[in-house]
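What follows is one structure encoded as structure tokens, with my remarks underneath.
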Ligand code: ACO
Ligand code: ZN
């Protein structure tokens, strides 16, 4: 878990400005004390440095040569890329990332020690400007004894409700699968985290059951097999199956049977696809787990 930290709630911060967007903040974050009186923080979206005035930002941008997040680009599909950034090697970037995320997270725990984490940063490429725009990220502990595959996830509010959170979540499970592991997000989830994950588990199970129904007898499948096929832990698989109305209790032995409730599943998939959100292409990930 992240280390806790005392910070000043006296902050006057109301907005962050990134590019031409002025984004209202939701919670406070422990920026250095000299920023307490500042109502708007100006952020360089390339290196994520924060400044107290437009003038200072202008000066910074004249010098800042960063065009993309640091680290390795491990995924690219269309205009979207995901960069793997090591908290140890890029501590300043990652600390800034955590501070920005804190502005949209209600949790009390804070993020100073970024060394034990990897950060997966999602961008949208702007061909006209030839640069990557920061969209969101999630952090993940490099080593942990539990099965957490996401520590903290954020979509910048100007990019929310476009399916990017879902893309990041899907990506986190793809990493788990490549590690031959089952993962789950670190608890407690925020309200928005909970609705996003519940939706993800539901949609994932809907697609999987539909695929399996055309190849196998769905009743012969077990939740453990579904975990292997998705990188999800059993508990989350069950939350997904329940929403697909795909669980039947076998009263002879108290076990659950999984069945394919076609009408329910078709509606879930249809609704989801009507949004036309970007989907993950596993073939576009070039990555091997560090052992
Ligand atoms: N209201 C209702 N449903 C929502 C909402 C919302 N505000 N946000 C997401 N959902 C659900 C919906 O089902 C949505 O599908 P829909 O748009 O078709 O209705 C689905 O999740 C997918 O939404 P995305 O667009 O993929 O999610 P988004 O990019 O907006 O990111 C996230 C979700 C990351 C949780 C974002 O809201 C955020 O950054 N919140 C602030 C930080 C936060 O709370 N992070 C999670 C903390 S828990 C943890 O880190 C493990
Ligand atoms: Zn910069």
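What follows draws every value from the coordinates through simple rules; no lab data is involved. Just so we're clear, the structure is a prediction, and the values are computed from it rather than from any experiment. Note that we place each Cβ from the backbone using ideal geometry, even for glycine, and neighbour counts take in every protein chain shown.
The mean sequence separation of alpha-carbon pairs under 8 Å and at least six residues apart, normalised by the residue count of the chain, gives a relative contact order of 14 percent. Distance between the C-alpha centres of segment 37-81 and segment 257-291: 32 Å, rounded to the whole angstrom.
The Kirkwood hydrodynamic radius of segment 151-231, based on inverse pair distances between different Cα atoms, is 13.9 Å.
Counted over segment 105-261, the DSSP beta bridges are approximately 85% antiparallel. Sequence-distant contacts, meaning Cα pairs under 8 Å at least 6 residues apart, place the relative contact order of segment 104-237 at 20 percent.
Rg and Dmax of segment 137-291, based on Cα coordinates, read 15.8, 52 Å. Compared with the dominant principal axis of the Cα atoms in the chain, helix 54-63 is inclined by about 80°. At full extension, residue 256 and residue 229 could sit 7.9 nm farther apart than now, given 0.36 nm per residue minus the alpha carbon distance. Each label was represented as a point 7 Å from its Cα along the Cα-to-Cβ direction; for residue 89 and residue 162 these points are 2.8 nm apart. Between residue 130 and residue 239, the modelled label-to-label distance comes to 4.5 nm, taking each label 7 Å out from Cα in the direction of the beta carbon. Quarter the surface of the alpha carbon convex hull of the chain and you get the mean projected area, 17.0 square nanometres. Axis angle, to the nearest 10 degrees, between helix 91-102 and the longest C-alpha principal axis of the chain: 70 degrees.
Under the simplified labelling scheme, the residue 179-residue 73 pair shows an inter-label distance of 2.5 nm, with each label point 7 Å from Cα along Cα→Cβ.
Computed over segment 188-233, the P(r) curve from all C-alpha pair distances, binned at 10 Å from the origin, holds 24, 48, 22, 7 percent per bin.
FRET efficiency for the residue 273 to residue 34 pair, using the beta carbon distance and R₀ = 41 Å, is estimated at 0.25.
When the alpha-carbon atoms of segment 227-291 are used, the pair Rg, Dmax equals 16.0, 47 angstrom. How far is the Cα center of segment 128-182 from the Cα center of segment 87-102, in Å? Result: 15 Å between the Cα centres. Multiplying the residue separation of residue 21 and residue 284 by 0.36 nm and removing their Cα-Cα distance gives an extension gain of 91.7 nm.
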